[in-house]
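Just below is one structure, and these are the notes that go with it.
The values are calculated or read from the model by the stated rules, or taken from the named source; none is laboratory data. Computed from a prediction, not measured in an experiment: that's the story for all the values here. Here the Cβ is made from the backbone with ideal geometry for all residues, glycine too, and neighbour counts use every protein chain on show.
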Amino acid sequence: MDTLVESEGEPDLLQLSGGEPTLHPDILEILRMAKTRPIRHVMINTNGLRLAAEPEFAAALAEFKPGIEIYLQFDSLRPEALKALRGADLRRIRQQALENLETHNISTTLVSVVKRGLNEDEAGDIIEHALKWRCVRGVTFQPIQDAGRNDNFDPKKDRVLLSDIRRAIIDAGGPFQASDIIPLPCNPESIAVGYALRNGSDIAPITSYIPKDVIVAEAPNAITFEKYPDLQERIFEFFSLSTTPATTPERLEALLCCLPEVPALERLSYENIFRVAIVEFLDAYNFCTARVKRSCIHFVTPDGLIIPFDTYNLFYRNGRIHDIRKELDRAAS
């Protein structure tokens, strides 16, 4: 954490991952440590098993609000897809985890790994399901990659592209259309995002109405709004200015009809914003140096290195970099 703060000053986001971080015996103390540092937002990447089994654990996490979010594994609504991806039908586990998170209204992002021929047609259904939960702030879709426990991966048959998922969301006929999901400027080939104003289970996408430089300037390299009061203010101002008769397109008029009670400025909060993101990571089959240089997501290692996520998985996980360097040394000698 100190390395991250030294590098970024006030980091936008710290994600605790693993393995399974909720099983770490000191997870609550780690969160306390993060709270004492100028880190805007902490995410816990989890399979949800402990959250489902221990309601008291969810209650303990609620003590760290605001500024904490659960990044909950949520690949599919279908048992066969879950068995193929995770080895078990985890629907009951996910349901119970969400119920416990909902009890304390802990900000949650559903995270769906997408595999061709298995669950790429569920994008619209997962977004619809997410909107049933007050605590869920958005959905992140991750095209499957050749990393971790992913046996028999065939890039020709299994890979789904960012553009494929974006098209699936649009074709689902839900609220997000083509102009609502845009590339994140820090790494446009790897991340696309869409934002919407939310009123209960109703949402109205606003990304196409927000100047892209506003998104970049106020939330650099991040996909979260919490603790960005300037961005909240700009969203509200832009929304209000767009309602003049001369500038209001038909779609915004429809937006106002379906959301007649848009919160006042002082009440606009993270709960009123819903986010859809598509994050495409690299592996040995689609590795691109230019994309790595633009990476928004990094690992911080115990020895104080900050390494792009994609190169970490390929070259550093399980100490592979040492074997690679030995091979390069032998080839050079």
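Annotations
- Selection count, segment 38-77, where residues are basic (Lys, Arg) and either at pLDDT below 95 or more than 21 Å from the chain's Cα centre (by Cα) (or both): 2
- When every residue of segment 30-37 is checked against the conditions, none turns out to be touching a His at 6+ places or on another chain (Cβ under 9 Å), basic (Lys, Arg) and at pLDDT below 95.
- Checking TRP133 against (1) at pLDDT 90 or above; (2) within 14 Å of VAL279 (Cβ to Cβ); (3) assigned to a loop (DSSP other than H, G, I, E, B), the condition it does not meet: (2)
- Residues (loosely packed, with under 12 Cβ neighbours inside 10 Å and within 21 Å of the chain's Cα centre (by Cα)) located in segment 1-37: GLU10, GLY19
- Looking across segment 15-52, the residues that are of a type in the set (S, T, N, Q) and within 25 Å of LEU90 (Cα to Cα) come down to GLN15, SER17, THR22, ASN45, THR46, ASN47.
Let's see how each residue does on (1) buried (at least 16 other Cβ atoms within 10 Å of the Cβ); (2) farther than 19 Å from CYS288 by Cβ; (3) in contact with a helix residue (DSSP H, G or I) (Cβ under 7 Å, 6 or more places away or on another chain); (4) modelled with pLDDT of 70 or more:
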site	(1), (2), (3), (4)
ALA147	yes, no, yes, no
ASP154	no, yes, no, yes
ALA172	yes, yes, yes, yes
ILE223	yes, yes, no, no
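- Out of ALA168, ALA130, one residue alone is more than 20 Å from THR46 (Cα to Cα) and hydrophobic (A, V, I, L, M, F, W, C). It is ALA168.
- Residue-level check: of (1) surrounded by fewer than 20 Cβ atoms within 10 Å (Cβ to Cβ); (2) touching a Phe, Trp or Tyr at 6+ places or on another chain (Cβ under 6 Å), PRO55 misses just (2).
- Top-ranked residue in segment 38-79 [being part of a strand (DSSP E or B), in contact with an Asp or Glu (Cβ under 9 Å, 6 or more places away or on another chain) and free of Cβ contacts under 8 Å to residues at least 60 places away in the same chain; ranked as farthest from ALA130 (Cα to Cα)]: VAL42
- Flag if ARG94 is modelled with pLDDT of 95 or more and in contact with a Ser or Thr (Cβ under 7 Å, 6 or more places away or on another chain): no
- All conditions but one from (1) farther than 20 Å from LEU77 by Cβ; (2) assigned to a helix (DSSP H, G or I); (3) among the β-branched types (Val, Ile, Thr); (4) touching a strand residue (DSSP E or B) at 6+ places or on another chain (Cβ under 8 Å) apply to ILE106; the one that does not is (2).
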